[in-house]
Each structure stands twice: as structure tokens, then as C-alpha cells.
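Step one of this worksheet: look at the structure below.
The values are calculated or read from the model by the stated rules, or taken from the named source; none is laboratory data. Since we're looking at a predicted model, the values are computed, not measured. Because the Cβ atoms are built from the backbone with ideal geometry, glycine has one as well, and the counts that use them run over all protein chains shown. The protein model used for the area step is the full one, side chains on, heavy atoms only, and it has no ligands, DNA or RNA in it. Shrake-Rupley method; radii C 1.70, N 1.55, O 1.52, S 1.80 Å.
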Amino acid sequence: MRLTCPLCGDRDRREFYYSGSEDTLTRPAPDAGDAAWDDMLYLRTNPAGVTKDLWYHESGCGSWLVVTRNTVTHEILATERVADRKGAPK
Amino acid sequence: MTRIAGGLIDRSRTLTFTFDGQSFQGHPGDTLASALLAADVRLMGRSFKYHRPRGVLTSGSEEPNALVEVRTGGRQEPNTRATVQEVFEGLTARSQNRWPSLSFDALGINDRLNSFFAAGFYYKTFMWPAKFWEKLYEPIIRRAAGLGALTREADPDAYDKGFLHADLLVVGAGPAGLMAALTAGRAGLRVILADEDFLLGGRLNAESLAVGEQGSADWARSAAAELAALPTVRLMPRTTVFGVFDHGIYGAVERVSDHLPAPVQGQVRQTLWRIYAPQAIMATGAIERPIAFDNNDRPGVMLAGALRAYANRWAVVPGQRVAVFANNDDGLRTAVDLQAKGVDVVAVIDSREGGALLPGIRHLRGASVVDTSGRLGLTGITVEHRGRRETLAVDALGVSGGWNPNLGLMQQHRARPDWSDEIAAFVPARGPKGLVAVGAAAGVFSTHGALRTGAEAARAAAEALGRQAPYALPKAEDAPYRIAPLWAVKGASRAWVDQQNDVTVKDVKLAHQEAFSDVEHLKRYTTLGMATDQGKTGNLLGAAIMAELTGQSIEATGQTTYRPPFTPVSLGALGGRSKGRDFKPFRLTPSHHWAKSQGAVFVEVGMWLRTQWLPKAGETEWRQSVDREVLATRASVGICDVTTLGKIDVQGTDAAAFLDRVYANNFASLAIGKCRYGLMLREDGMVYDDGTTARLGPNEYVMTTTTANAVLVFRNLEYARQVLWPDLDVQIISTTEAWAQYSVAGPNARKLLQKLVDQDISDAGLPYMGCAEITIGGLRARLFRISFSGELAYEIAVPARYGDGLIRALVAAGEEFGAVVYGTEALGVMRVEKGHVAGNELNGTSTALNMGLGKMVSRKKEAIGVTLSGREALVAEDGLRLVGVKPVNPADAMKAGSHFLKIGAAPTVENDDGWLTSLVYSPHLGHYIALGYLRDGARRMGEKIRVVNLLAGTEIMAEIVSPHFIDPQGERLRG
């Protein structure tokens, strides 16, 4: 498996740490209630198809990335630094 | 000797080898199979289940029968295919699965008892009593139906792993692969051409065809020579591309030294290559399939293409009187080639009706072979022709049921192949991105077709890179391949489908009858297509017979999933250098070599080696050393290497705010020049890690983590910084390796350090929990007044390169105080005596409240894990609390892992009151002490409780006490 890091380019999968679904990007407010926290911490969709998840370029630039990929075809559709996302706080 | 003229062997040199102890000779270019056939050895093994005598079926890596043990000692290798093992001087090979000898095998009786061994027999036969399975049935079955054996000696050879990048990978060096590599290589592409054979050329070496103005083998040699001279082409013979992985990654194993008695000095046995190639051409050829007819498994019956290959490439004819049984035109070539070489071709049994007859050969149309004879080797065949049966005396029979494109790599990604009626075989459909099939692998069987499709694919690969790759094809045959499918000849006895696993037509019928009709079920029920050859010759035959039984098409019946590896890959190659001491790297602290010179005993912590204890002369038991280290530290002073703790520099104008969010307790209020113990939670509220963080300047902090979690904490901090709070101005960097750090603890710690430190470190100069940037004889250093042992203690850090010098300086300065160097065991004893939590308590299921640190979790700010640490179940009044435990009778030794039970309570899960987490012998107190999590523990001080270990069968009466066994008021720390 290969991932294209926006900073480092086309790299081997073993340089990256996999951290699961991008669901954890949306951290509920402290008073959001049990359901919201439960959702963020424990509930995951497991799509056959396009999914987004988080990878950390641990043996590279140290960027946390959102990777869009297809779980059926194994295609990597996009890689983006979390910090560069649209609407990400600057 | 049955050598004929010609062939691609070097007759100028002779190689001597043994098979079952008997000495034979071969030549460079020979495989073990060709050399044995040349010596009239047809019997090479016994079959898996019935112990039937077997010889070679094929001339390549698809071989199901001729499996032998080669070499001896640590290099002994079972299940080696004689058809691919190159002969070398001194090679020793032995047949397998026979006793006492290959020609007389006692378990040959199994063949007579075949009705008991039908498909699924072990599911039905060995049902009960269940306990007999492991002790009785399985060992017997394994011994009877085994393949080769290992000596269990260590493999003396080294194996490497390597990485290669190319524009184009060409797998297979037959006509299609050679032409593809030539076309791409001439255009300057970076090309890798890999082939499992030691001689490039594929079928070109096995045929008597012409390419251009040359014989096919000569053209292959010229092409290989040209490729070898091209600067951007890498030729990799003896290299099997065994797997296709995502995104243009291919796994390959290069057998660097398998053809040698032992690797040349400095060379490896095999190399596992990971090849990165955005484009790849699969030119893996086709694999011939047999026809099922009664007793079609005798030594001497082989595939027609193999028979031809042995004659053309190895100058061997494994018989004096040869017949061919075929359902296609390619099979007829075998008869023509052999007759041209002067071999007596008795008959060609052609299952097809009509059509032209071969000149000068007895060519029977509409005929079939219905049975064979010869116990240890073929002596005759029974032919049915126009309703008449006739027995022919032959000692070799070439069988061709057609050719299957070798789909192995193309279909590994689960794409379903298409069925072609024209060649009666599956052809690759769409494969993984970047991989295309050409030549016979794509179902294009003529030499011209192979050359053309190879060149076209290479040109397309070049164009994808924006390059031109013109080509001109040499002239080659473009004969049609005509086939009329025939899978199984009706018979009364047994007809083999999968010779390696002894699966017959009857077994397929039985599987169908018992509703295991799906090909995946058929495989599991009958073992069709399992083991080392993975059914390369038999799978489609089995599916076709099943299709006839179900009335479905073969296309609808399908094939089992193709998975890597294409052929077996040794564990040695997969492991590479990662074995023994090199399995993983060790990290050594700057004081390691000094400690080693002092006789230190080391323990692995994370990847580090840390001093566990440091024995003095006369100490024979570890406890003697550890007790001494603890007592001397508490009495005077001890030094401990704490370099391995994770160190992270946190800087930025928002560093304080950042720390406030990653630690559960408050950090914004930490003054410059002060340290604070910090507790890090997971988002679910459990304690994750702990350590002290020091504030060196307005925007500069140094965090420490536990040794084991250093990498993980850093990763989480990056997550918090980049993902959760990117608006904060904060930067972090790991400095674990940059600093060597030592703890100096004990009543004389200050006196010792003051001898080295240039600044005043009196209690006023550096109070408890203070930190300072200092100098030691002008060298910059950091000093933290923190304590894990409970003593007056400091941690002193210097740049890592001075670590060795500092440990020597500390020991020398400590001499007058009787200073000791202590290891992780003494560290552990002292932290338990002091009641500090560590790894055993930070077990991932414990909260700050459990640890008695509930008050540290600040509710006045938002931090990771704070919200969920307040969940109802986690804040229950009577939940687990950290307690100290001491035996009522000081002589009693509690057991690690024990559970707590009330007096009189039965040992049930409901009555479980918690467990003992850390147990040490306290030399200070003179008895064992422990920490543990006890239900409602804070309110049970002074209670007597049973410490029960059901596994060890021990029960000790103990008293619940404060976890602070020494100096509960902390007077020593502040001294």
C-alpha cells in the first residue's frame, strides 16, 4: 500500500500509523451529552466503498492526514493534511 | 542413460549427486528431475494419502508429485520440487512419505484400503471419542499422510530483504516477456524482468520452433544477452514474483544460492524483494492440465508439454516407447518432436473426431486412454478406439488436456476471470491497476501472438510515461490452437484429478453427492487444490467435473480464490534478518557500556535495555543486590539511569494552554523554574500516562513520559496540536535521545551533586519540585528536584554525548558517601514503598479516582478525558481504590496476581473485591508489601482481608493499609 503525503510525496504504507475513522475529528463539547460522546468514541460505520480515515506520517513529516479511500477497490482517492482541511481552524 | 542429442545442458561438466543414498550424475543446466529421468529413475515419491508410487508430472514449478527433501542438517528442506531444483555438485536428495523404502512402502496398504480414505474421511471416521483426536488420531494421520520433515536445526544461512523501483516490471521471460522487456528496455525505460527459471526463455527453451532466423532457444539467449547489456534493464532469473499487492507493489523472492551447495561467503541464501512498479506486464505463460482417466498417476505418465520439454531442453526421453494422449493440437507437437529425435512414438491417442492425421505416426482420432498398467512405473496403456479396446506396451505417456493461462498473479485481487470457449480455459479479465497480461497468460498461445502482445503492452507502458517505444517483431509461428474439451474419461477404477492430494474423480462426485458443490466447499471437503502446488494442474479439471455433475457451465462453477504466494516462499525469506538478537533493535542509553563493564544485569523496557540490578562481588541472588541497592539509597545515596523516560519539549506562546488541555490537572499556574506531576487521560476517562513537566521559561516546557509510552504520547500530542486545537501556537519535539538523565536519590543526594554543580542547590537555591538550567564545570545541564523513590532526590540531565562521562563523575563523587548505582528493580521497590503508581496500576482500565488521584482531575477547564472521567459508573463511591497491603504475619509471602476476598467469602466472581497490582519485598520494612485495587478501598483501612491466588493455591491473611509505606508526610522529599 502506498499513500501520497501532501508534504513528502508518494510513500510506503509502513511510514504511517493508522488511527481509524475520521469520526474522531469532531470532538463534542463537554456538555454535548452521553450520546454525542458515545458516537465519537465508540460508534463507527464500516462502509463497503468510500471511507475517510486518519493516518499519521510518523516516520515522515509528522502530519496527521485524512485519507479518502475505497475499502472495496483499495484505491486511494485523496490525502489531505488535517490542518489544511476546508474550515479547519487556522 | 536415456540422454539424446541436443539440449541446453553443459555436457563438458559432470555433477555428482545422490538420491536416496544412490549416486547419480548430471550436468549444469539439469534439474534434479531431468537428471534422474536421464538415469532412468521414474519413481520419485509416494502420494500423500494412498502412498501410490509417483514420478514427475511436469517440468516446472507446478509439479504436484516429485517432492523431495534436499540437503541435510540446518539446510535440510522438505517438499522441494525436483522439477525446479538445480543439480549441483554434492546435492543430496531423499524421497518422502515412504517407509522403509521408496520401492517398498509399507503404507502402500492404504491404496488397497482406498474406500476408507475417500473425501472427508477424517471428518466421518475420527469423530469420537473426542479426546482421542489430539493424542491418537491426529499424530497417526500426520505420520501416515505427511510430506517432508525438518531437522529442527537452525538454518545457518542469512536471508535479505530488498526494495526495487522500476517503470515496468515484466513477470516471466518467455517470448512475450522477453519481447516486452526488449521493447521497453530499448526505449530506455527502467525495466525489471523476473523469471522463476534459472534460464530465461520460458517455453522457447522447451520447443523446437524458430524465431526470426534462429532456433527458439537461441533467440531467447540472444534476447537475454541484449537485455543484459541494456543499462536500464535488470534481469532477475531464479526470481519468483509471488504476489501482487496494492498500488503497484509486487513481492518477489530471488533464490540467490539455492543452486549452490552453500551460499558464497558474504552472500545470502534468498532475498525477498518488494518491487514498486506503476506498470507491470504479466507474461507468466500457461500451465498444461491433465485428463482424468483410470490410473493416470503412474510414474511415466506426464504432461505432453513436459515430455517435450525434457526432450528438447534437457535431452532426456523418459522411456523407450512413447504415446501421446491429447485433446488439442499442441499435444501433437510432442509426438512430432519426439519422433524427429528418433524416439519410438507408438501412437497418438487424439480424443477429437475428424481432422488431418499426422504423417508417419499412428494417429488415432476419436480415441481415449482408459487405463494404464505398471506398479512402480508405466508399462502399458489401454486405448479405446471406435468401441474397440487395445493394450499398447509403452513406458512413457504424454497427456494434454489443454493449457490454462497462468492467472495466478492477475486474479489475486479477486477479479473473476472470463471463460473462453475457444481455448476452453479461463482468461484474465481486469486485473489490478497497472497490471496487464500478455501472451499465453492472456490466452494467446502462438509464438507470434506472444511476441506481438508483449511488444504492444510494452509500447503502451512507454506511452503512459510519455515515451515512444517502436518495435519490429521477429518472424515466428502463428499456428492455431484447436481444442475439443475432454476432462475425464469414464472408467471403473480411480482417475486422479489432483495428484498431490490424492483427489480422484470419485471424490469430486462424492463431494457433489454430499452437497459440497461450490468450488470453495469442494476444495475444503476433498482437499482439491491444497498444499504446496495449490492445484495448479488439477483445479480446473476438478471444477469442470463438478460442472458436469451440477449441469452448470464451468464459467458459472468458477474457480477458488487465488492468493499469494504463487509458489511456496520460505519462512527464512519472509523473516529476513529479523531473527534471534536481530528480531528488533535495542536502544542503549549513554551509560550502557559503563554499566555493562560493571556487570549490570539488563532488562528490556520498550526497546531500551535498562540496568535491572548491578550485582556486587559475592552476591548470588538478585534479591541480595536489590535489597542492598534500596537500603543504601535510603541510608545515603543512590544513582539510577532514567534516560529512557520520554522527554518532549513543548514551546510556544500557547504552550501552557496546550498542557492544560492534554493533562487532567492544572498547568497554567505552574511557575517558571517549577516542576509538576501531570496525569494524562484518554478521551474515555481512563488514565493514559503520567510524568513530570517542568517550566523552563515563559513559553518553554519539558514534559516527561513513561518509558513505554514515549512514542504514543508524542503521537497523541501531535494529534491534539494538529487536529483538536490547531489554533494554539505550540510546537513539540521529542528530545528523549538528546539528553542523558540520572536520578540521584537519598539523604546525601544534595551533597553529592553539589560537588559537581556550579550553582547553589541548597533547599533555598532549589526547593522541592524546583528545576533549573545549571552547569557542571561549565557544561550546560538541567536539574530537576523530583523524586520517585520518596527520598531527597534530583534528576540531572546532560546532552547525551556527556552521559557516559556524567555517570562516571557521579559514581566518583559518590564514593565518599558509599553511593550505589541502582536498577529498575530497586526503583520499583522504592516506588511501591512510597505508594507511587506505575505501569501495573496504569493498566488502561483505571481512572484517577481508582488511583486515589481523583482530586487532580480539574473540572474547571476542558482537557482530554475529563468529561468522560465523570461518568456515573466511574465515580461510584464504592469503586476500586488504590490501597497498600501487608501480610498479617510478616513471614508470609503474597503472590503476584492474587485477588482480594473478604473473610468467609467464597472465591466467586461476585465476591471478588479487587486484586493485587504490584508486589515487592521491602528491605526497609523486612516483609513483603503490595499495592492493589480494592473495592471501596479508601474506607477499609485496617481491615483484615484474604489475598487469594487460586492458580498458585495460596491464601494469605493481610491488612489493608495506606499505600504510603514510608514517610507518609513527605518529610524526606523536602529535606
**OP:** Leaving ligands, DNA and RNA out of it, rank B:222, A:59, B:922 by accessible area with a 1.4 Å probe, largest first.
**Re:** A:59, B:222, B:922
**OP:** Using label points projected 7 Å from each Cα along Cα→Cβ, tell me how many nm separate residue B:151 and residue B:414, to one decimal.
**Re:** 4.3 nm
Original post:
Cα centroids of segment B:899-922 and segment B:814-865: how far apart, whole angstrom?
Top reply: 22 Å
Original post:
With charges only on Cβ, +1 for K and R and -1 for D and E, what is the dipole size of the protein assembly as shown about its Cα centre, in debye, rounded to 20?
Top reply: 960 debye
Original post:
Which of B:161/B:536; B:579/B:616; B:135/B:584; B:855/B:886 have a Cα-Cα distance over 31 Å?
Top reply: B:579/B:616; B:135/B:584
Original post:
Say each of residue A:84 and residue B:433 gets a label point 7 Å from the Cα, pointing the same way as Cα to Cβ; how far apart are those two points in nm?
Top reply: 1.8 nm
Original post:
How far is helix B:539-550 tilted off the main Cα axis of chain B, in degrees rounded to 10, range 0 to 90?
Top reply: 80 degrees
Subject >> Cross-link partners of residue B:509 among lysines (Cα-Cα below 16 Å; sequence separation of 8 or more within a chain) >> reply: B:490, B:523
Subject >> Average partner coverage of B:720-728, which counts Cβ from other chains inside 10 Å >> reply: 5
Original post:
Based on the Cβ-Cβ distance from residue B:389 to residue B:357, what FRET efficiency comes out when R0 is 22 Å, to the nearest 0.05?
Top reply: 0.55
**OP:** Between the alpha-carbon centers of segment B:493-557 and segment B:213-283, tell me the distance in whole angstrom.
**Re:** 34 Å
**OP:** Give the relative contact order (percent, whole number) for segment B:278-400; include only Cα pairs under 8 Å separated by 6+ residues.
**Re:** 33 percent
Original post:
Stretched out fully, how many nm does the piece from residue B:513 to residue B:472 gain, at 0.36 nm a residue minus the Cα gap?
Top reply: 9.2 nm
**OP:** Only loop residues by DSSP count here, and only those with at most 15 other Cβ atoms within 10 Å; note down the chymotrypsin sites (Phe, Trp or Tyr not before Pro) in segment A:1-41 that meet that.
**Re:** none
Original post:
With all protein chains present and a 1.4 Å probe, how do B:584, B:135, B:536, B:751 order by accessible area, largest first?
Top reply: B:135, B:751, B:584, B:536
Subject >> Rough spin-label spacing in nm, given labels placed 7 Å along Cα→Cβ, for residue B:754 and residue B:115 >> reply: 10.1 nm
Original post:
If you average the sequence gap of Cα pairs under 8 Å that are 6 or more apart and divide by the length of segment B:218-269, what percent do you get for the contact order?
Top reply: 20 percent
**OP:** Determine how large the accessible area of residue B:836 is when every protein chain is in place; take a 1.4 Å probe and give Å² rounded to the nearest 10.
**Re:** 60 Å²
Subject >> Heavy atoms of residue A:61: accessible area, 1.4 Å probe, square angstrom to 10 >> reply: 60 Å²
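When the chain is fully extended, how far beyond the present Cα-Cα distance does residue B:733 get from residue B:939, taking 0.36 nm per residue of separation?
Roughly 69.8 nm would be gained on extension.
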**OP:** Sequence neighbours fewer than 8 away in the same chain don't count; with that in mind, list the lysines whose C-alpha is under 29 Å from residue B:341.
**Re:** B:475
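Indicate, rounded to the nearest 5 percent, the antiparallel portion of the DSSP beta bridges found entirely in the protein assembly as shown.
Around 75 percent antiparallel, to the nearest 5.
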Original post:
To the nearest 0.05, what FRET efficiency results for residue B:616 and residue A:68 with a Förster distance of 60 Å applied to their C-beta separation?
Top reply: 0.45
Subject >> Solvent-accessible surface (1.4 angstrom probe) belonging to residue B:811, in square angstrom, nearest 10 >> reply: 50 Å²
Original post:
Using the Cβ atoms and a cut-off under 15 Å, what net charge is assigned to the surroundings of residue B:904, where Lys and Arg are +1 and Asp and Glu are -1?
Top reply: -2
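Pop the C-beta distance of residue B:773 and residue B:957 into the FRET formula with R0 = 45 Å and round what comes out to the nearest 0.05.
Computed FRET efficiency for residue B:773 and residue B:957: 0.30.
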**OP:** Evaluate the relative contact order of chain B (contact order divided by residue number), counting alpha-carbon pairs under 8 angstrom at least 6 apart; express in whole percent.
**Re:** 9 percent
**OP:** Could you calculate the contour length gain from residue B:422 to residue B:964, that is, 0.36 nm times the residue separation minus the distance between their Cα atoms, to one decimal place in nm?
**Re:** 186.6 nm
Subject >> Top positive-direction residue, dipole computed over the protein assembly as shown with Cβ charges, set B:847, B:949, B:199 >> reply: B:199
**OP:** Anything over 29 Å Cα to Cα? Flag those among B:861/B:944; A:86/B:674; B:596/B:755, in the order listed.
**Re:** B:861/B:944; A:86/B:674
